[in-house]
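To start, the structure under review is shown below, and the notes come after it.
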Amino acid sequence: MASGSDPSKVDTSDPLVNKHVDKAQIRQEDVRVSNILVHPIKSCRGTSVTEAFYTPKGLQYDRDWCIIDAKTHEVLTARTLATTVLVVPRLEVDAASPYGGYLVVDVPNGEDGVITFSVPITPTEDILKTWPHISDIMMFNTFKMDGYIVQPLNPSDPSPSDILSQYFKRDVLLAMKGPEERVSPGTSAFPKLDAPVKYQDAFPLLIASEESLQALNDATDRALAATDDPSDPHRVAGMKKEKWRNRKLNIERFRPNIVVKGAGVPFAEDLWREIVIGDNTVPITVVCRCSRCLLPNVDTTTAERDTAVPYKVMLKFGKSETSSPMFGCNAAPEGNGVLRVGDKVIVKRWIEQVA
């Protein structure tokens, strides 16, 4: 199967397919990067790019910013604030700019309207001295992080935090990651991983495949055709069938950084331990499968939250030790490099069995 193979031809009839990944079936010579997604502001809309620089902290500009509650400094995400996905940041990189360019952010404002603000991608030291620095940004009541509270370049302009507060109808602040070190938690395979991260949930990179997404869409189709009999293995309780007829899940719901295609079977990425991509010699370590929450249930184009899809569909594909569904794999680069769409993915080390 060539790298442009159609994932709709993948046989996903086994609802537990990712518990039985057969390494011999993986067409490893054909696996290539099909999409690269950068999410500048955590939980806001991502942007697809043709190439991206990466460091041990992940993709450049990915989750460099986040939105926090103005009083508690808790990170706000689409898990609890679904309309976050309708805020659209885009990177306008400019090597001639003293700030490396701008992050331009479109915030919905009424019927089909937007309010746009811009912030420097790389503020100068003089600018940072004028931005409040805090060290008590909290995520999941577990991770404590620092950040600068972004201010307008022109003091007479509305502040980004004020614009976002008006949109969310609550007091929020836009924060940019500061210099204090934050590291990933360990995993069962890497108890002392110590990979540096920004405002990602826990790990620098997330990898997923188009074949795995196709498997989820196939499972959703099977749920549509299932009976209401609780013994039907394809039944998904609470599924709004009329809503999902002629609809498909898109990869953006899962917020991967690197999307791959060509393995010929779903969940091939679950067996990878170490990969190199394209011309890079620096390896990327695949540290664990990604335990999923309800965030992918939020439609990235409408902010509508579904009660069943894809969370309950993903449960058909096996659970973690905490009973969460799994989709995609977390990864950590061991150095710097550049990714490009079309780059070949080479597996240097495998694991023998999906945990």
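The values are calculated or read from the model by the stated rules, or taken from the named source; none is laboratory data. Remember, it's a predicted structure, so these values are computed and weren't measured experimentally. Using ideal geometry, Cβ is built from the backbone for each residue, glycine included, and neighbour counts are taken over all protein chains shown.
Is the range 155-168 home to any residue that is assigned to a loop (DSSP other than H, G, I, E, B) and at pLDDT 95 or above?
yes
When you go through Arg235, Arg182, Arg222 one by one, which is the residue that is without any contact (Cβ under 8 Å) to a residue 60 or more places away in the chain and either hydroxyl-bearing (Ser, Thr, Tyr) or out of contact with any strand residue (DSSP E or B) (no Cβ under 9 Å at 6 or more places or on another chain) (or both)?
None of the other options fit; the residue is Arg235.
Would you be able to say whether some residue in the range 315-325 is in a loop (DSSP other than H, G, I, E, B), of a type in the set (D, E, K, R) and modelled with pLDDT of 95 or more?
No - not one qualifying residue is present in the range 315-325.
Look at the range 234-293 and say how many of its residues are touching a Phe, Trp or Tyr at 6+ places or on another chain (Cβ under 7 Å) and basic (Lys, Arg).
Count: 2.
Could you list, in sequence order, all residues of the range 260-283 that are closer than 29 Å to Thr77 by Cα and assigned to a loop (DSSP other than H, G, I, E, B)?
Matches in the range 260-283: Pro266, Phe267.
Could you look through the range 176-205, keep only residues that are charged (D, E, K, R) and not in a strand (DSSP E or B), and pick out the one that is surrounded by the fewest Cβ atoms within 10 Å (Cβ to Cβ)?
Lys192
When the range 52-95 is examined, which residues are found to be of a type in the set (S, T, N, Q) and touching a Ser or Thr at 6+ places or on another chain (Cβ under 9 Å)?
Of everything in the range 52-95, those that are of a type in the set (S, T, N, Q) and touching a Ser or Thr at 6+ places or on another chain (Cβ under 9 Å) turn out to be Thr77, Thr84.
Look at Phe203 and say whether it is under 25 Å from Phe53 (Cβ atoms) and either aromatic (Phe, Trp, Tyr) or without any contact (Cβ under 8 Å) to a residue 24 or more places away in the chain (or both).
Against the criterion (under 25 Å from Phe53 (Cβ atoms) and either aromatic (Phe, Trp, Tyr) or without any contact (Cβ under 8 Å) to a residue 24 or more places away in the chain (or both)), Phe203 qualifies.
Please enumerate the residues belonging to the range 286-314 that are in a loop (DSSP other than H, G, I, E, B), under 23 Å from Leu193 (Cβ atoms) and touching a residue at least 40 places away in the same chain (Cβ under 8 Å).
Answer for the range 286-314, where residues must be in a loop (DSSP other than H, G, I, E, B), under 23 Å from Leu193 (Cβ atoms) and touching a residue at least 40 places away in the same chain (Cβ under 8 Å): just Cys293.
Would you confirm whether any residue within the range 239-259 is part of a helix (DSSP H, G or I), touching a residue at least 24 places away in the same chain (Cβ under 8 Å) and over 20 Å from the mean Cα position of the chain (by Cα)?
yes
Only one of these is closer than 20 Å to Met326 by Cβ, modelled with pLDDT under 95 and either touching a helix residue (DSSP H, G or I) at 6+ places or on another chain (Cβ under 6 Å) or buried (at least 19 other Cβ atoms within 10 Å of the Cβ) (or both): Leu271, Leu249. Name it.
Selected residue: Leu271, the only one of Leu271, Leu249 that is closer than 20 Å to Met326 by Cβ, modelled with pLDDT under 95 and either touching a helix residue (DSSP H, G or I) at 6+ places or on another chain (Cβ under 6 Å) or buried (at least 19 other Cβ atoms within 10 Å of the Cβ) (or both).
Quick one: count up the residues across the range 143-154 that are assigned to a loop (DSSP other than H, G, I, E, B) and surrounded by 14 or more Cβ atoms within 10 Å (Cβ to Cβ).
Number of matching residues: 4.
Inspect all residues belonging to the range 175-187 and state whether any of them is at pLDDT 95 or above and in contact with a Lys or Arg (Cβ under 7 Å, 6 or more places away or on another chain).
The answer is yes; a qualifying residue exists.
Could you list, in sequence order, the residues of the range 85-142 that are acidic (Asp, Glu), without any contact (Cβ under 8 Å) to a residue 40 or more places away in the chain, out of contact with any Phe, Trp or Tyr (no Cβ under 7 Å at 6 or more places or on another chain) and assigned to a strand (DSSP E or B)?
Asp106
Which numbered condition trips up Ala303, out of (1) modelled with pLDDT under 95; (2) over 15 Å from the mean Cα position of the chain (by Cα)?
(1)
How many residues does the range 216-243 hold that are farther than 14 Å from Lys312 by Cα and buried (at least 20 other Cβ atoms within 10 Å of the Cβ)?
Matching residues across the range 216-243 total 0.
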